[in-house]
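First comes the structure, then the notes that go with it.
Throughout, read-outs are computed from the coordinates displayed, never taken from laboratory work. On a predicted model such as this, the values are computed, not experimentally measured, just so you know. Note that each Cβ is placed from the backbone with ideal geometry, even for glycine, and that neighbours are counted across all protein chains shown.
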Amino acid sequence: MLKHGQKKTMEINIQKIRSLIGRVGVLDNNLLNDFTELQCISLLNKVFVKVYIPQSILDREAILETIQSNIEWLEYQPTALEHAESYEFLLKIIEEKPALSSFDAECIAIAREKMIYCTSNEKRVMSICQEYDIECTGTIGILCCAYEHKILSLEQFEQLLKKLFSPDCTEYLGPEIKKSIFSYYNISNT
């Protein structure tokens, strides 16, 4: 229980981070944007053994400008829901969580159907994944995994994290996350 005035700090689950390697993941749009902005989209294939992108995300015109020029560096498989139960689950979470986008809901449903990682930085997505016991990670988890498995050097890892938390990147992850990650890995704030 936190005392009045204390802030909850983010816990780093290093065992979970390390266990990402060699798994399969479905990518949402914000994660694709992050790795495009960080100019390391191919890193996703070094962490995940197989990467899915929902066809609905690939069909969006908005994705073309941001990601299309970089997607050639990513080996991925387009995917969609295949089973009636998954469509029912998709409709259920859209109905129960009206603030959730249909794209995010589809990523969650695909991850559940295929029993793979859902990748997103959205708190709502992570919360729903936790509620339904669906494995989930975000940009930081993937970057940390790459560093933990020596895919990234410490220097590369630090540069990517600093860029991720800079105004150059559109993703907003919050100061408490930055503080936890930088502290855990002894990264200077300068």
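Annotations
- Packing, as the average of other Cβ atoms within 10 Å across residues, places the peptides 46-59, 171-184 in the order 46-59, 171-184, highest first.
- Prolate/oblate/rounded call for the stretch 14-184, Cα gyration tensor, a/c under 1.5 rounded: prolate
- Dipole axis of the stretch 14-184 (+1 Lys, Arg; -1 Asp, Glu on Cβ), positive-most option in Ile142, Gln15, Ile116: Gln15
- Label sites at Asp168 and Ser102, each approximated as a point 7 angstrom past Cα along Cα to Cβ, lie 3.6 nm apart.
- Helix 175-184 and the long axis of the chain differ in direction by around 60°, with both axes built from C-alpha atoms.
- Each residue, Ser127 and Ala84, gets one label point 7 Å from its Cα in the Cβ direction; the gap between the two is 3.3 nm.
- Peptides 104-113, 23-32 ranked from most to least packed by the mean count of surrounding Cβ atoms within 10 Å: 104-113, 23-32.
- Taking Cα atoms only, the orientation of helix 154-164 departs from the longest principal axis of the chain by about 60 degrees.
- Formal net charge of residues neighbouring Ile21 (Cβ-Cβ distance under 14 Å; K, R +1; D, E -1): +4
- Near Gln39, once Lys and Arg are set to +1 and Asp and Glu to -1 for all other residues with Cβ below 11 Å from its Cβ, the sum equals -2.
- Relative contact order (%) - criterion: Cα under 8 Å, at least six apart; region: the chain: 26 percent
- In plain terms, the residue of Ile71, Ile14, Ile116, Ile142 with the fewest other Cβ atoms within 10 Å comes first and the most crowded comes last, giving Ile14, Ile71, Ile116, Ile142.
- Angle in degrees between helix 102-114 and the longest Cα principal axis of the chain, rounded to the nearest 10: 90 degrees
- Placing a label point 7 Å from the Cα of Arg60 along the Cα-to-Cβ direction, the residues of the stretch 76-101 whose backbone N falls under 19 Å from that point are 76-81, 90-91, 93-95, 97-101.
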